[in-house]
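The values are calculated or read from the model by the stated rules, or taken from the named source; none is laboratory data. All values reported here derive from a predicted model rather than from experimental measurement. With ideal geometry, Cβ positions are generated from the backbone for all residues, glycine too; neighbour counts draw on all protein chains shown. All accessible areas refer to the heavy atoms of the entire protein, side chains included, with ligands and DNA or RNA removed. Shrake-Rupley method; radii C 1.70, N 1.55, O 1.52, S 1.80 Å.
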Amino acid sequence: MGRVLLPVLASALLLAGPAQAADAPPGASSCTGCHATTKIADSVIPRIAGRKAADIVTFMREYRSGAWPSSVMGRIAKGFDDQQTNAIAAWFAAQPE
Amino acid sequence: MTTRRTFLKGAAVLGLAPAIASAQSTAGKVVVIGGGFAGATAARTLKALAPRLDVTLVEPNPVYTSCPFSNSVLANLREISQQEFRYDGVKRAGVTVAETSATAVDATARTVTLADGNRLSYDRLVMSPGIDFNWGALPGYDEAAAQKMPHAWKAGAQTVLLRNQLQAMDDGGLVVMSAPANPYRCPPGPYERASLIAYWMKIWKPKSKLLLLDAKDAFSTQRLFQNGWAELYPGAIEWVPLSKGGKVTSVDPATLTFTTEFGSHKAAVANVIPPQRAGAIAGQAGVADRTGWCPVEPVAFESTLRPGIHVLGDAAIMGGMPKSAFSANAQAKVCAAAIVALLAGVKPQDPILINTCYSLLAADYGISVAGVYRPDKGQLTDVPGAGGVSALEAVGGLRGQEALYAASWFRTITAETFG
Ligand SMILES: Cc1cc2nc3c(=O)[nH]c(=O)nc-3n(C[C@H](O)[C@H](O)[C@H](O)COP(=O)(O)OP(=O)(O)OC[C@H]3O[C@@H](n4cnc5c(N)ncnc54)[C@H](O)[C@@H]3O)c2cc1C
C-alpha cells in the first residue's frame with residue numbers, strides 16, 4: 001500500500017518544487033532559462049509563472065508582431081505559432097506565482 | 001489512516017494530470033556523467049519528474065566553476081568565488097552524487113566504471129562531460145604550455161592565472177589572443193573576452209593593445225562586436241581574420257610567441273583558446289565520431305552510435321544550436337522529460353528549444369544572440385524567422401538594459417541548474 005501512496009505524496013510536495021518539465025509543452029522548459037519557476041532574488045527579467053494565460057498570450061503576440069518593443073522577446077516569440085504559445089501560456093499560468 | 005483514494009482525490013484537487021501521475025511511478029536507474037550546466041540540470045530534473053528514479057550524478061569536483069561570466073573575472077568586475085557552485089541543491093533533489101570520475105562505459109553491459117573502483121549499472125545513461133582540449137592539434141601547446149599561455153577556457157585556476165598575468169603586465173604591453181576554428185565552446189566567448197580585457201585596459205593599462213588572431217573569417221554577432229569596439233575602444237583591439245594571416249600554426253611558451261601563416265607575434269600576455277573536442281570519456285564510450293564530437297538524434301538526444309546513451313551540452317553535435325550553458329540547460333530539461341517517457345514506454349514529444357547567449361562589451365554594455373530550434377530532417381534546426389542578434393541601432397538604453405538582463409540570466413540559469 002505504502003508503495004502506491006508514496007509517489008502521489010511526493011508529487012503533492014513537488015508542486016512547490018522545480019519546474020515540471022514532463023507535462024510542459026514544447027518550448028516551455030527553455031523559457032525557464034530566463035523566466036525562473038523558482039524565486040530568483042534580484043532578477044530584472046519579469047516573472048511569468050502564475051500570470052494569467054491570456055496576458056502571456058497577448059505579450060507574446062505583440063512581441064512577435066513588433067508592436068511592443070523588446071530587447072530579446074521579439075526574436076524569441078517569432079519562433080512560436082499561436083497554438084504553441086497558447087499551450088506554453090497555459091502551463092506558466094498553472095505554475096505557482 | 002489515509003487511503004489511496006483520498007490521496008488520488010488530493011492529487012486531482014492539486015491539478016495533477018494523469019501523465020504526471022504515471023511519471024511519478026516511473027522507476028529505473030539513470031547515471032549522469034558530468035555535473036556541469038547539462039548534467040546537474042538533467043539529474044535534478046529527472047528526480048523532479050520521476051521521484052522513484054534512482055539517479056546518480058558522477059562528478060569529481062566538489063565545486064563547479066562557471067565559465068559564463070568568467071570573462072568578467074578577468075576584467076576585475078567579479079571575484080572567482082562568485083563563479084563557484086556546489087552540489088548541495090542537487091543532493092537535496094534526491095540525486096546521489098558520486099564524487100569521482102567515470103573511467104569506462106560499457107554500452108552493451110550498460111555499466112559505468114568509476115575511478116574509485118565502483119561500478120554502476122544503468123537503464124539510461126546521460127553523458128555531459130563538456131569539452132577537452134585537442135592537445136597536440138596546435139604545435140607547442142600542451143598542458144605545461146597552458147601554465148605560461150593560459151587558455152582560461154575551463155574556468156577556475158586558469159582564469160585566475162590569466163587575470164594575474166594581465167595585472168602584472170607593464171602598461172603598453174601587448175595582449176595576444178588566439179581563437180580556434182568552429183566548432184568550439186561558446187562562439188561569442190573569445191570576442192566578449194577581448195572586449196572585457198580592452199575595457200579593463202582602458203582603465204588600468206591605457207597604453208596597451210590587444211591582438212586577436214582568428215582561425216575564422218567571420219564570427220558570432222560580429223557586427224555588434226566590431227561596432228562596439230569602434231565606439232568604446234577605438235584602436236585598442238586588432239582582429240586578424242584567417243584570410244589576413246589569423247590562423248596560428250604554432251606557439252612557443254618560452255617566448256610567448258604565436259606563429260601564423262603570415263608571420264609571428266610576441267606577447268606580453270598570451271591567451272590561447274585551443275581546438276576542442278568532447279570530453280575524453282565520450283571517446284572511450286564510443287559515442288564520439290571522427291570529428292571528436294557526439295552525434296545524437298534531435299528528440300531525446302540519444303547517441304546515434306550507442307543506444308541507451310544520451311549526450312548533452314558541449315560534447316554533443318546539436319545541429320544549429322551553439323555550445324552554450326543556456327543550450328546545455330535547455331537540452332537537459334528536454335532530455336530528462338524524454339528519458340522519463342522512454343522508461344515509461346511512451347514516445348517522447350518533439351521538442352522546441354531556445355538558446356540565448358549574452359555578451360558584455362563593457363560593464364554596462366550588453367548584446368545577445370538568440371535562436372529557436374526544432375527537429376527537422378534528423379537535426380535540431382533554426383525555426384525560420386526567429387532568433388538573431390540585438391538591434392544594431394541601440395535606442396532607449398538598450399545596451400545597458402541587456403547588460404542587466406545578462407546578469408539576471410546568470411542568476412537564473414545557475415539556480416535552475418544547481419538548485
Ligand atoms: C569564457 C567563457 C564564457 C562563456 N560564457 C557563456 C555565456 O555567457 N553564456 C552561455 O550560455 N555559455 C557560456 N559559455 C559556455 C559554457 O560554459 C558551456 O557551454 C557549458 O559549460 C557547457 O555545459 P556542459 O554541462 O556541457 O559542460 P561543462 O559545464 O564543462 O561540464 C562538464 C562537467 O563534466 C565533468 N566531467 C568531465 N569528464 C568527466 C568524467 N569522466 N567523469 C565525471 N565527470 C566528468 C567536468 O568535471 C565538468 O564538471 C562560456 C564559456 C567560456 C569558456
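Just a few scattered comments:
- Considering residues of segment B:84-114 that are open to solvent by 40 Å² or more (accessible area, probe 1.4 Å) and farther than 30 Å from B:Phe69 by Cβ only, the residue nearest to the other protein chains (Cβ to nearest Cβ): B:Arg110
- Residues that are touching a Gly at 6+ places or on another chain (Cβ under 8 Å) and within 16 Å of the ligand (Cβ to nearest atom) within segment B:123-152 comprise B:Leu125, B:Val126, B:Met127, B:Ser128, B:Pro129, B:Gly130, B:Ile131, B:Asp132, B:Asn134, listed in sequence order.
- Cβ-Cβ under 8 Å pairs, at least 6 apart or on other chains, segment B:361-381 side within 14 Å of B:Pro351 (Cα to Cα), far side polar (S, T, N, Q) and open to solvent by 10 Å² or more (accessible area, probe 1.4 Å): B:Tyr373/B:Thr381; B:Arg374/B:Thr381; B:Pro375/B:Thr381
- Selection from segment B:292-319 of residues that are at negative phi, in contact with a Phe, Trp or Tyr (Cβ under 9 Å, 6 or more places away or on another chain) and in a loop (DSSP other than H, G, I, E, B): B:Pro298, B:Leu312, B:Met318
- Residues of segment B:233-250 that are farther than 19 Å from B:Ala194 by Cα and of a type in the set (Val, Ile, Thr): B:Thr249 alone.
- Within segment A:44-57, considering residues that are surrounded by 15 or more Cβ atoms within 10 Å (Cβ to Cβ) and more than 9 Å from chain B (Cβ to nearest Cβ), the one farthest from the chain's Cα centre (by Cα): A:Val57
- Some residue of segment B:269-287 being open to solvent by 30 Å² or more (accessible area, probe 1.4 Å) and more than 16 Å from the ligand (Cβ to nearest atom): no
- Segment B:33-83, residues that are of a type in the set (A, V, I, L, M), part of a helix (DSSP H, G or I) and more than 14 Å from every other protein chain (Cβ to nearest Cβ): B:Val73, B:Leu74, B:Ile80
- Pick from segment B:392-406, criterion more than 8 Å from every other protein chain (Cβ to nearest Cβ) and buried (at least 18 other Cβ atoms within 10 Å of the Cβ), ranking: farthest from the ligand (Cβ to nearest atom): B:Ala394
- Test result for B:Gly313, surrounded by fewer than 23 Cβ atoms within 10 Å (Cβ to Cβ), among the small types (Gly, Ala, Ser) and not assigned by TED's automatic domain parsing to the domain that holds B:Tyr184: no
- Hits in segment B:150-181 (condition: part of a loop (DSSP other than H, G, I, E, B), open to solvent by 20 Å² or more (accessible area, probe 1.4 Å) and closer than 16 Å to B:Leu212 by Cβ): B:Ala181
- Taken over segment B:194-229, residues that are under 19 Å from B:Val369 (Cβ atoms), of a type in the set (Gly, Ala, Ser) and surrounded by fewer than 22 Cβ atoms within 10 Å (Cβ to Cβ) amount to 2.
- Among residues of segment B:54-83 being within 24 Å of B:Tyr405 (Cα to Cα) and of a type in the set (Val, Ile, Thr), the one that is least open to solvent (accessible area, probe 1.4 Å) is B:Val73.
- Of the set (1) among the hydrophobic types (A, V, I, L, M, F, W, C); (2) open to solvent by 30 Å² or more (accessible area, probe 1.4 Å); (3) more than 16 Å from B:Val175 (Cα to Cα), all apply to B:Leu256 but (3).
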